[in-house]
Amino acid sequence: MAAKDVRRGENLQVMPELAGKYLTFVLGEEEYGIFILQVREIIGIMEITSVPHTPPYVKGVINLRGRVIPVIDLRLKFAMAAREYDDRTCIIVVEVQGREGTIMVGMLVDSVSEVVNVSGTEVEPPPVFGTKFGSSDNILGMAKINNEVKILLDTYKVIGEGVVEHFEKK
Amino acid sequence: MVKGVKKTSDILDEMALKVLMIEPGDLSVVGELLELVEQLVGISSKEVEVGPVLAEMGSSFNAALEKIIMGELKDSAENFGFLGRCISQIQEIVRKNQAEAKDIKIFNDNLAAVGFRVGSDLPGGGDVAKEGEASLSKPAGGKSAIADVPDFLQDKELLAGFIEETFEHLESIEVNILDLEHSPDDEEIINNIFRPFHTIKGVSGFLNLKLINELAHTTENLLDDVRNGKRAMDSDVIDVVLSVGDFLRSMVQNIKDVLEKGAEYYQEFDISEYVTLVRTLQEGGSPVRSTAVKTVPPAPQQVLPLGDDEADDEVDEANEDDFVEEQVLASTVKAVVGPADGSRLSTSKVFAGADQSEAPAGPISRNRLGASIKVDIEKLDGLVNAVGELVIMQTMVQQNPLVSKLADPKLTKDFSQLSRITSELQKTAMAMRMVPIRQTFQKMIRLVRDLSKKSGKLVDLVMIGEETEIDRNMVDSIYDPLVHMIRNSVDHGVQVPAEREAVGKSPTGTVKLSAYQKGGYIVIEIEDDGQGLNTEKVRQKAIERGLIKEDDHLTDKELNNLVFLPGFSTADKITDVSGRGVGMDVVKKAVEKLRGKVEVISQPGEGSQCVIRLPLTLAIIDGIIVRVGAERYIIPTIAIQESIRPTPNFYNTVHGKGETLTIRNRLVPIIRLNEVFGVVAEYEDPFEAIVVVVEYEGRQRALMVDELLGKQEVVIKSLGGYMKDIKGVAGGTILGDGRVGLILDLAGLIAVSESSVPVEEKEEEVITGNKD
């Protein structure tokens with residue numbers, strides 16, 4: 001599976017295996033990308049029911065056509081300043097393979113930009129910042145397209161079961 | 001198979017259940033047990049205080065199990081009994097969270113009883129773990145074996161289908177063969193056994209599962225002889241076919257493991273003994289089983305080359321393709337849908353509900369089944385979701401201010417027609433999840449047969465109401481508790497024939513298994529006419545364990561239900577109520593997970609009856625919607641006693657913090673939902689708010705909310721694996737306006753609110769909690 005290959009490639013210097021189509025979105029001044037095949041749909045902001053005893057970045061749950069799915073705020077997840085939601089705010093619904101089947105999660109982002117084609121030569125491994133910036137674990141690589149840098153995220157690690165373990169420790 | 005990280009106690013509970021399930025010769029369960037022990041050793045290091053002791057105990061246990069698998073120790077029921085005690089001992093230590101020397105001694109004594117000597121069988125304690133793990137990590141041993149595996153892994157989808165079908169086939173074989181014991185000359189039944197073997201042979205050959213193919217083929221030949229009248233269907237044949245069926249099941253289970261977890265789980269099975277056994281029978285000999293069957297770790301695979309006649313068979317197969325197809329379909333149908341005619345079963349007398357006429361004549365009516373198709377459960381859930389959404393959308397359209405302003409009689413009529421259709425659709429979608437309990441019941445026939453043979457008792461199993469439908473998702477979870485209860489009834493309830501005659505009962509005992517619907521519940525009863533519980537002994541034991549006091553006055557019923565308390569029947573002394581040393585609390589826990597209740601009613605000397613009450617479906621609950629600030633929550637109606645607006649003269653505080661209300665002369669602690677859930681409530685003053693008095697396991701609590709919004713049947717939806725186990729929240733549901741509402745989990749809620757409550761109070765409540 002392409003998604004899996006993408007994950008394994010983390011530590012290589014050249015990252016041709018990260019080539020493919022990415023959906024890009026904006027958080028503050030930064031632009032991020034996630035692998036397009038993991039995106040299920042994009043919906044506008046809607047009413048979110050908050051769930052108690054969850055970390056602050058878990059905004060709650062929404063009704064996605066009869067399915068209850070959790071929504072996380074990516075700004076809060078990446079420890080960026082919170083921001084009022086407006087009509088450009090979107091929920092990107094992603095689907096990844098978890099230990100117990102597929103997990104569907106909504107990610108709140110400032111706005112969705114476009115779908116870009118990333119070729120392998122444009123991707124560099126994630127920079128190492130040291131611990132004071134937190135870990136760059138959930139970054140697959142940095143894509144340079146038209147002089148812009150897009151941060152390619154590892155969707156699984158961003159929303160994946162690391163979060164579940166976090167809940168359990170609480 | 002095992003998901004996520006588990007707590008030690010969970011693993012122990014599971015181990016306790018497994019050890020109950022083990023039948024001598026059933027090595028697949030031993031394998032599962034091994035896996036659990038491994039996990040236990042793995043995580044016990046985190047349990048700081050008792051970790052090292054647990055790890056050591058686990059390793060010894062592990063080594064003993066391996067010896068059983070290797071055939072060095074006997075896999076007899078007694079030995080498993082001792083192993084059960086070992087598990088109880090571990091549970092005890094975990095419960096106390098300290099390892100006392102006497103507990104370890106009991107543990108070691110029990111292991112010694114199995115024939116395993118701690119320390120002497122294994123050089124040096126430290127090596128134990130390593131040795132165990134080393135041989136576990138590659139169960140099949142040699143690399144050559146693993147290299148062979150991908151042979152059949154090429155088409156995973158086909159293989160998955162084969163696995164599922166084979167399990168169904170094996171089940172139908174078992175049911176039919178037990179049937180045969182009562183009417184050995186019924187050709188139709190023989191055919192019903194022959195065909196699944198034929199199908200298994202065909203498909204396994206196609207998938208290159210040589211060992212399974214070989215075994216099924218040999219057995220099929222034997223059955224063919226029986227079918228053609230060359231050999232009589234006697235109990236020898238029945239026994240052999242049953243054990244072949246079991247062996248095939250463990251082989252297929254292993255393939256399933258390989259498919260799910262990877263090739264390193266591949267295990268070699270030595271089928272030669274069975275093949276010889278079957279061939280001897282076919283040639284007219286009598287079966288002499290040399291030793292207990294065991295898996296052979298290192299030996300090279302003994303694949304018997306497909307000879308010429310096998311090749312011919314393959315050709316035949318091609319011609320019979322249609323035939324095979326048909327059989328697959330037929331048995332699938334059988335598995336999915338309950339027959340309309342209530343087929344009669346054997347070892348037992350089965351009454352199909354009200355229809356208590358004579359058994360239907362002849363084989364024709366036996367397997368006449370309604371047509372059905374098999375549907376992926378995910379698609380079904382998808383349908384249910386979509387229909388639920390449809391209903392909501394319809395209300396939203398109807399309530400749209402613009403639409404409701406149109407006072408058009410035609411529109412009103414059309415809307416009511418539409419609602420009728422949607423609610424019909426919803427009902428049908430829900431009904432699709434329901435299956436008859438028949439299949440689960442039928443598995444008990446075999447259990448009772450084996451148990452009674454082993455213990456030398458005569459037991460009749462009577463089944464009533466097997467067509468009662470239960471939620472598909474409940475079927476698997478109810479199986480284990482049911483096995484436990486039946487085992488208790490046969491092992492400890494029903495006496496041996498001589499004893500029965502001495503007290504003037506018929507030598508054959510009866511175990512009655514019945515299911516019916518009552519109110520919003522499915523009731524399953526397990527009743528035996530044995531000796532009943534020894535209430536006085538239960539009382540003594542409860543006092544001994546400090547569960548009740550000498551001067552506590554409890555009714556017999558309350559006393560009997562003490563057996564469901566954790567750690568109760570772990571006692572080694574009460575032989576007539578204790579099972580294999582593992583408590584009935586596992587049954588209670590399993591039933592409660594399904595939001596059900598279990599209780600035992602017993603008449604000394606007359607027998608005992610165990611009643612399990614389960615909700616009709618796991619999917620829907622009746623709830624009251626309450627509002628706290630801007631949030632809405634659903635409280636399960638079943639737990640609600642009343643709702644009131646508190647008045648100052650019934651309100652008290654403890655240390656200015658803990659709040660209680662006096663309700664009908666009982667002090668009921670108040671739980672402020674807004675505090676537990678961290679939301680802002682409209683009313684901070686309890687005299688403006690409303691409290692909903694709920695009861696859970698005998699504990700009363702007053703939940704403080706802002707407003708009651710109404711009563712509604714809601715469809716429970718999981719918040720997803722992502723948000724499982726949030727304290728106080730059982731799940732979510734979609735409310736009338738399309739938003740998500742959270743369903744409260746009272747157990748969790750009480751636990752959260754109590755987290756700072758002194759321990760004494762809690763302990764007391766455990767006991768009173770079981771009075772109801």
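Residue count for segment A:74-109 satisfying the condition of being charged (D, E, K, R) and more than 14 Å from chain B (Cβ to nearest Cβ): 6.
Here A:VAL116, A:VAL128, A:VAL149 are screened, and the one residue that is over 26 Å from B:PHE677 (Cα atoms), surrounded by 15 or more Cβ atoms within 10 Å (Cβ to Cβ) and more than 14 Å from every other protein chain (Cβ to nearest Cβ) is A:VAL116.
Number of residues in segment B:734-751 that are modelled with pLDDT of 80 or more and more than 8 Å from chain A (Cβ to nearest Cβ) equals 10.
Sort through B:LEU418, B:LEU411, B:LEU461, B:LEU447 and tell me the only one that's in the same structural domain as B:GLY519 (by TED's automatic domain parsing) and in a helix (DSSP H, G or I).
Numbers: B:LEU418 fails: in the same structural domain as B:GLY519 (by TED's automatic domain parsing); B:LEU411 fails: in the same structural domain as B:GLY519 (by TED's automatic domain parsing); B:LEU461 fails: in a helix (DSSP H, G or I).
It is B:LEU447.
Conditions tested, residue by residue: (1) at pLDDT below 85; (2) assigned to a strand (DSSP E or B); (3) surrounded by 16 or more Cβ atoms within 10 Å (Cβ to Cβ).
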residue	(1), (2), (3)
B:GLY605	yes, no, no
B:CYS610	no, yes, yes
B:LEU614	no, yes, yes
B:ASP622	yes, yes, no
B:VAL626	no, yes, yes
B:GLU659	no, yes, yes
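Within segment B:396-408, track down each residue that is part of a helix (DSSP H, G or I) and more than 14 Å from every other protein chain (Cβ to nearest Cβ). Across segment B:396-408, the qualifying residues are B:VAL397, B:GLN398, B:GLN399, B:PRO401, B:LEU402, B:VAL403, B:SER404, B:LYS405.
Within segment B:477-490, does at least one residue satisfy the condition of being of a type in the set (Asp, Glu), out of contact with any Gly (no Cβ under 8 Å at 6 or more places or on another chain) and modelled with pLDDT of 85 or more? I'd like the intermediate steps shown before the answer.
Going residue by residue through segment B:477-490, those that are of a type in the set (Asp, Glu) are B:480.
Subsequent filtering for residues that are out of contact with any Gly (no Cβ under 8 Å at 6 or more places or on another chain) retains B:480.
Filter once more, keeping what is modelled with pLDDT of 85 or more: none.
No: segment B:477-490 contains no residue that is of a type in the set (Asp, Glu), out of contact with any Gly (no Cβ under 8 Å at 6 or more places or on another chain) and modelled with pLDDT of 85 or more.
Among the numbered conditions (1) more than 24 Å from B:ILE22 (Cβ to Cβ); (2) in contact with a helix residue (DSSP H, G or I) (Cβ under 8 Å, 6 or more places away or on another chain), the only one that B:SER452 does not meet is (1).
For B:LYS201, the criteria (1) surrounded by 23 or more Cβ atoms within 10 Å (Cβ to Cβ); (2) over 23 Å from B:GLU283 (Cα atoms); (3) of a type in the set (Lys, Arg) hold in every case but one, which is (2).
Can you tell me which residues in segment A:13-50 are touching a Gly at 6+ places or on another chain (Cβ under 6 Å), part of a strand (DSSP E or B) and either within 14 Å of chain B (Cβ to nearest Cβ) or over 27 Å from A:ARG65 (Cα atoms) (or both)?
Residues of segment A:13-50 that are touching a Gly at 6+ places or on another chain (Cβ under 6 Å), as a first pass: A:15-19, A:22, A:24, A:48-50.
Remaining after also requiring part of a strand (DSSP E or B): A:22, A:24, A:49.
Result: A:THR49, single match.
Taking segment B:680-702 on its own, how many of its residues are part of a strand (DSSP E or B), hydrophobic (A, V, I, L, M, F, W, C) and either surrounded by fewer than 16 Cβ atoms within 10 Å (Cβ to Cβ) or under 35 Å from the mean Cα position of the chain (by Cα) (or both)?
Just the residues of segment B:680-702 that are part of a strand (DSSP E or B), to begin with: B:690-696, B:699-702.
Subsequent filtering for residues that are hydrophobic (A, V, I, L, M, F, W, C) retains B:690-694, B:702.
From what's left, either surrounded by fewer than 16 Cβ atoms within 10 Å (Cβ to Cβ) or under 35 Å from the mean Cα position of the chain (by Cα) (or both): B:692-694, B:702.
So the answer is 4.
Taking the numbered list (1) closer than 23 Å to B:ARG739 by Cα; (2) in contact with a helix residue (DSSP H, G or I) (Cβ under 9 Å, 6 or more places away or on another chain); (3) away from chain B (no Cβ under 14 Å) in turn, A:ALA143 passes all entries but (1).
Residue by residue through segment B:491-531, note down the ones that are at pLDDT 80 or above and on the phi > 0 side of the Ramachandran plot. Answer for segment B:491-531, where residues must be at pLDDT 80 or above and on the phi > 0 side of the Ramachandran plot: just B:GLY504.
The single condition from (1) farther than 30 Å from A:GLU95 by Cβ; (2) within 13 Å of chain A (Cβ to nearest Cβ); (3) buried (at least 20 other Cβ atoms within 10 Å of the Cβ) that B:PHE677 fails is (1).
Of all residues being in contact (Cβ under 8 Å) with a residue 40 or more places away in the chain and more than 7 Å from chain B (Cβ to nearest Cβ) in segment A:55-73, which is farthest from B:GLU389 (Cα to Cα)? Just the residue, please. Break it down stepwise before answering.
Of segment A:55-73, the ones in contact (Cβ under 8 Å) with a residue 40 or more places away in the chain are A:55, A:58-59, A:62, A:64, A:72.
Cutting the leftovers down to more than 7 Å from chain B (Cβ to nearest Cβ) gives us A:55, A:58-59, A:64, A:72.
Values: A:PRO55: 29, A:VAL58: 25, A:LYS59: 23, A:LEU64: 10, A:ILE72: 23 Å.
It comes out as A:PRO55.
Please verify whether segment A:77-99 includes one or more residues that are part of a helix (DSSP H, G or I) and in contact (Cβ under 8 Å) with a residue 40 or more places away in the chain. Reasoning before the result, please.
Keep residues of segment A:77-99 that are part of a helix (DSSP H, G or I), which gives A:77.
Then keep just the ones that are in contact (Cβ under 8 Å) with a residue 40 or more places away in the chain; that gives A:77.
Yes, segment A:77-99 has at least one match.
Taking segment B:703-729 as the range and being surrounded by 21 or more Cβ atoms within 10 Å (Cβ to Cβ), modelled with pLDDT of 85 or more and more than 11 Å from chain A (Cβ to nearest Cβ) as the test, the residues that pass are B:LEU703, B:MET704, B:VAL705. Counting residues in segment A:59-71 that are surrounded by fewer than 17 Cβ atoms within 10 Å (Cβ to Cβ) and out of contact with any Gly (no Cβ under 6 Å at 6 or more places or on another chain) gives one or more.
The values are calculated or read from the model by the stated rules, or taken from the named source; none is laboratory data. Here the structure is a predicted model, which is why all the values come from computation and not from measurement. Glycine gets a Cβ as well: all are built from the backbone with ideal geometry, and neighbour counts include every protein chain shown.
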